[in-house]
2 protein chains.
Amino acid sequence: MTTQDRLIETTRELLWERGYVGTSPKAIQQRAGVGQGSMYHHFTGKPDLAATALRRTAEQLRAGAGQLLAGPGTAYRRIEAYLLAERDVLRGCPIGGMTQDPEVVADPALRGPVQETFAWLGGRLAAVVAEGQAAGEFTADADPADLAAAVAAIVQGGYALARAAGSPEPFHQAVRGALALLRAR
Amino acid sequence: MTTQDRLIETTRELLWERGYVGTSPKAIQQRAGVGQGSMYHHFTGKPDLAATALRRTAEQLRAGAGQLLAGPGTAYRRIEAYLLAERDVLRGCPIGGMTQDPEVVADPALRGPVQETFAWLGGRLAAVVAEGQAAGEFTADADPADLAAAVAAIVQGGYALARAAGSPEPFHQAVRGALALLRAR
DNA sequence: GTCTATAATAGGATAGAC
DNA sequence: GTCTATCCTATTATAGAC
């Protein structure tokens, strides 16, 4: 792995663990085992490095979710697969967590990957819901985009509840609740 | 308003706007218009002041939600009232947002008010759901605690989606989706 | 109670040697 | 490309005067 790559991977970890404000260049350099000079040689500064790291994280998240949602099975089964995917619940979402940081939200380069990820996810989920409605699997009296947003919110909100409780259980409750509601359609 | 109160109110604002890591004692003092000495006279330090501020915010949040959930009307109407309550969506939740900060999660004095708020909210929502099931308003095939967690997660997740998008719309989509699902019970 | 020093450490970056 | 040295500001307090 190149020095540049180590910087990116280390930044991805730290952003996930400590958020953007909580991640200092010094901490990145120390964990990556490189001096200051290297970091500023490859990146213009912390925002540049963080944006690069976030783009990579967003890519991987989309790849994972894309697989689950494109899989075989009914619409319900695919949404279920997405909701039941294995997650390190107490670590939270490496993309969604960024929305809490005002500096991320304020900087287009940082918010970009986050915004695009959720826009993409909403679109994919809505497409699956629409397929389910077309197949008569779900009643067609709700906007697919609304149900898609609800499913995405369950995951993001589940993380928040779990971290508040110090336990993954509230996340799983929320998912079970959402699946129970979806089955009733 | 006393100096102590101004410090608490200012800290509540800053915690909401910038989170715990992003809120410095100096910023609190400047916005409150008091010197360093005053802050350290009334509070042992930033964690103490922040914990006091969070307890007050938690109280107000519970008071507001409690009113909506205890109101008249069917279980569905009360949950609807909670979900449709007016919110400054792009500001996020002043309590739920704290879960993103590792220092808050790690400090029992800081996580306490957050944990208690969601524990209380989950209990209240579950009670309303249970009433709805008892009244035949909802089918009784789902655990009230699961549906309660789902409702709470919709709100918290809705904030995250909205801030990612830079628009309140995804929050409202998620709420509409959740209400559509609840109506089908 | 409140204020103004003062201080040790961290944050974020630049300069220049190698 | 990578490193160390240096710089300025912010952070989070403590000390002591008023």
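Things to note:
- Computed with a 1.4 Å probe over protein heavy atoms only, the accessible area of residue A:146 comes to about 10 Å².
- For the range A:3-183, a/c is not less than 1.5, where a ≥ b ≥ c are the root eigenvalues of the C-alpha gyration tensor, and a/b tops b/c. That puts it in the prolate class.
- Between residue A:88 and residue B:6, the simple spin-label model (points 7 angstrom out along Cα→Cβ) gives 4.5 nm.
- Net charge in the neighbourhood of residue B:99 (other residues with Cβ under 11 Å of its Cβ; Lys, Arg +1, Asp, Glu -1) is +1.
- Sites residue A:135 and residue B:119 - FRET efficiency at Förster radius 45 Å, r taken between beta-carbons, to 0.05: 0.70
- Choice from B:157, B:45, B:66 showing the highest fluctuation, given a GNM over chain B with Cα pairs closer than 10 Å: B:45
- In summary, the helical segments of chain A meeting the span-like criteria, namely a full DSSP H run, a Cα extent along the axis of 27 angstrom or more and a mean Kyte-Doolittle hydropathy of at least 0.5, are A:144-165.
- Under 24 Å from residue B:46, Cα to Cα: lysines that are on another chain or at least 8 residues apart: A:26, B:26
- Using only side-chain charges placed at the Cβ, +1 for Lys and Arg and -1 for Asp and Glu, the dipole size of the protein assembly as shown relative to its Cα centre rounds to 420 debye.
- Chain A: most fluctuating residue of A:113, A:72, A:94 per GNM, C-alpha cutoff 10 Å: A:72
- Toward the positive end of the charge dipole of the range B:3-183, with +1 on the Cβ of Lys and Arg and -1 on the Cβ of Asp and Glu, the farthest Cα among B:122, B:136, B:171 is that of B:171.
- Mean-square fluctuations from a GNM of chain A, with a 10 angstrom spring cutoff on Cα atoms, peak among A:59, A:80, A:13 at A:59.
The values are calculated or read from the model by the stated rules, or taken from the named source; none is laboratory data. Please read these numbers as outputs of a predicted model, since none were measured by experiment. Note that we place each Cβ from the backbone using ideal geometry, even for glycine, and neighbour counts take in every protein chain shown. The protein model used for the area step is the full one, side chains on, heavy atoms only, and it has no ligands, DNA or RNA in it. Shrake-Rupley method; radii C 1.70, N 1.55, O 1.52, S 1.80 Å.
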